[in-house]
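Remarks on the structure that follows.
We did not get these values from a lab; they are worked out from the coordinates using the rules stated. Note that the coordinates shown come from a computational prediction; the quantities given were computed from them, not determined experimentally. Cβ sites come from the backbone with ideal geometry, for glycine too, and all protein chains shown count toward neighbours.
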Amino acid sequence: MKIAFVGKGGSGKTTLSSLFIRHLATTGSPVVAVDADINQHLGPALGLDDETAAALPAMGARLPLIKDYLRGSNPRIASAETMIKTTPPGEGSRLLRVDESNPVYEACARPVELDGGTVRLMVTGPFTEADLGVACYHSKTGAVELCLNHLVDGPGEYVVVDMTAGSDSFASGMFTRFDMTFLVAEPTRKGVSVYRQYKEYARDFGIALKVVGNKVQGEDDLDFLRSEVGDDLLVTVGHSDWVRAMEKGRPPRFDLLETANATALATLRAAADATYGARDWERYTQQMVHFHLKNAQSWGNEKTGADLAAQIDPGFVLRESTPTAVASA
Ligand SMILES: Nc1ncnc2c1ncn2[C@@H]1O[C@H](COP(=O)(O)OP(=O)(O)O)[C@@H](O)[C@H]1O
Ligand SMILES: [Mg+2]
């Protein structure tokens, strides 16, 4: 399962992603956590001290390695230089699995021990102005997008991305890479306006989008969200003293999280799990191709001096049974 948390800055994306990741860890599920938020704060939210968080390897700085590994022996992708963030896998490409070790995880992921289990954490690294542009060839989120496009994940395995819903994710198609997108919204007009915009994009691409109300206090907040968001409102989370204690650097045991909030996390998980059966790998692959062609035309061909449409392998469908290419020595 691939799950994104998106929303306005300050709405609680990082907080709720981290709680959700902690919840998954207690069930022993394999989890890859990815910090692709402008404010890189998922590590600390998962309990890493500042020094350890600052020392996490940045995916953005390891793009050449990621590209070279994923490209494998795919004859349609001549070099890492011509591989852009939307280049889809094809025959010969190497695919990633959630629960394995591979050179990409070795270079970019670090284990984080949580109550009940250990997860892998990957971070894009701090953003620059250029990263938020639509076309950026070296884009940090591009590293995440390449990994998502080459990832074969099964039910009960989770990739959780704490993500900025900027123009780049709409232009590159990154927002279509998830089985479930949780839009975190505070009960305010601003919180809800991000939902409206996201909903427009989501509708055109058949994206499963659910709203998670955060910092919701009382009936009035709930009524507001219900009237603005309707059936898309999945669950709400109130103020959490557990989160406050964690922010002070004194995280209580996770099983001491408020019962209502723990129940909300289980609801998120059930909603995400329920989408897996409906996953359409062919559509998933077609959407990769759609966005690759768009990006090739709008900037990629010019940037690389190659015809990037030729990278598409017409017979390839990313799916669970796709055999992982054997790594050559
Ligand atoms: N349910 C909550 N209870 C208590 N504090 C919260 C809650 N949700 C978010 N916060 C606090 O609000 C601030 C912003 O949250 P954060 O997750 O960093 O937002 P985002 O990642 O969307 O920018 C943080 O200080 C966080 O601890
Ligand atoms: Mg954040």
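Placing +1 at every Lys and Arg Cβ and -1 at every Asp and Glu Cβ, with all other atoms neutral, what dipole size does the chain have around its Cα centre, in debye to the nearest 20?
On the way: 33 positive and 42 negative charges, 73 e Å.
Once rounded to the nearest 20, the dipole reads 360 debye.
Among 190/248; 140/303; 8/215; 199/248, which pairs are too far apart, with a Cα-Cα distance over 25 Å? All intermediate terms of the calculation are to be shown ahead of the outcome.
On the way: 190/248 28 Å; 140/303 17 Å; 8/215 13 Å; 199/248 35 Å.
190/248; 199/248, as the Cα separations exceed 25 Å there.
Could you size up the charge dipole of region 1-127 around its Cα centre, putting +1 on the beta carbon of Lys and Arg and -1 on that of Asp and Glu, and report it in debye to the nearest 20? Show your work: numbers first, answer last.
On the way: 13 positive and 13 negative charges, 108 e Å.
Computed about the Cα centre, the dipole is about 520 debye.
Whole angstrom only: what separates the Cα centroid of region 103-121 from the Cα centroid of region 206-240?
Measuring centre to centre over Cα atoms gives 31 Å.
So if we plug the beta-carbon distance of residue 232 and residue 39 into 1/(1 + (r/R0)^6) with R0 = 35 Å, what FRET efficiency do we get, rounded to 0.05? Please list the in-between numbers first.
Values: r = 25 Å, r/R0 = 0.73.
Taking R0 as 35 Å, the efficiency between residue 232 and residue 39 is 0.85.
If I model a spin label as a point 7 Å beyond the Cα along the Cα-Cβ vector, how far apart are those points for residue 281 and residue 220 in nm?
5.2
On full extension of the chain, what length is gained from residue 81 through residue 253, given 0.36 nm per residue of separation minus the C-alpha to C-alpha distance?
Values: separation 172, 0.36 × 172 = 61.92 nm, distance 4.63 nm.
Gain on extension, residue 81 to residue 253, equals 57.3 nm.
Hey, if you put +1 on the Cβ of every Lys and Arg and -1 on every Asp and Glu Cβ in the chain, which of 176, 285, 84 ends up farthest toward the positive end of that dipole?
84
Please label the shape of the chain as rounded, prolate or oblate, based on the square roots a ≥ b ≥ c of the eigenvalues of the alpha-carbon gyration tensor (a/c under 1.5 means rounded; beyond that, a/b larger than b/c means prolate, else oblate). Don't jump to the answer; show the numbers that get you there.
Values: a/c = 1.78, a/b = 1.47, b/c = 1.21.
Note, shape of the chain comes out prolate.
Under a cut-off of 18 Å between alpha-carbon atoms, report the aspartates and glutamates in cross-link reach of residue 294, not counting same-chain residues fewer than 8 places apart.
Of all the aspartates and glutamates, those that pass the test against residue 294 - Cα under 18 Å, at least 8 places apart if same chain - are 145, 168, 204, 302, 307, 313.
Taking region 52-127, how much of its Cα-Cα pair set, in percent, is spaced more than 20 angstrom apart? Let's see the in-between values first.
Numbers: 1091 of 2850 pairs.
Value for region 52-127: 38 percent of Cα pairs lie more than 20 Å apart.
When the helix-only estimate is applied to the chain (DSSP H runs of n ≥ 4, each -39,500 (n - 2.57), divided by the residue count), what is the mean residue ellipticity at 222 nm, nearest 500 deg cm²/dmol? Before the final figure, lay out each step's value.
Working: 13 runs with 127 residues, N = 329.
The helix-only estimate for the chain comes to -11000 deg cm²/dmol at 222 nm.
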